[in-house]
1. Could you tell me how many of the residues in segment 139-180 are of a type in the set (Val, Ile, Thr) and either touching a helix residue (DSSP H, G or I) at 6+ places or on another chain (Cβ under 7 Å) or surrounded by fewer than 19 Cβ atoms within 10 Å (Cβ to Cβ) (or both)?
2. Which ones in segment 24-52 are in contact with a Phe, Trp or Tyr (Cβ under 7 Å, 6 or more places away or on another chain), more than 17 Å from residue 100 (Cα to Cα) and not polar (S, T, N, Q)?
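What follows draws every value from the coordinates through simple rules; no lab data is involved. Model, not experiment: these values are computed from the prediction. Note: ideal-geometry Cβ built from the backbone for every residue, glycine included; neighbour counts use all protein chains shown.
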Amino acid sequence: MEYNIGAKIKELRKARKLTLQAVASETGFSPALISQIENNNVSPPIATLSKIARFFDVKISHFFEEEEEARRYEVVRVVDRRVVSRVISKAGKGHGYTYEALSVHKLNKKMEPFIVSLSERSDDETLYNHDGEEFLLVLEGCAEVLLDDERIRLDAGDAVYFDSSMRHRLLSYDGRPVRVLAIVTR
């Protein structure tokens, strides 16, 4: 199931009567990248989406919501998970990963849970940062987490919790597939 993340970003931008350049200047991304995201030619990584969400003062879940009803709880069946897979970096390179939102209907939540699947090791080691905190639990495979100047190997069952303002990146350690539970707070 595809989200229409780009249209939601464009809607937020138009509602505030902002230009692509204005959004780019405030988020640090190029106007061309913002345009590509709005036109659904590029799906942003979680860190990029987080920065855009923060700029527009919405939660990341805003981009994954279909219904606007308040719920006290949410059950997401494995067959109902939404997968975003065309993830591209600011430089236009593929990151080689997909992510599945594990909560899409619960409003006003304080965390965003995802399953991140890396199919290969990306050559791009660009580090990202954003507000909040992150928790990563390796479910399958071997991952490498870059935190500022440190490289940390995580095997299946290993976890890391960090302040998302640290520059960070998740990679496959050995180029083989990796699945990670990622929980991001705002």
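1. 2
2. 26
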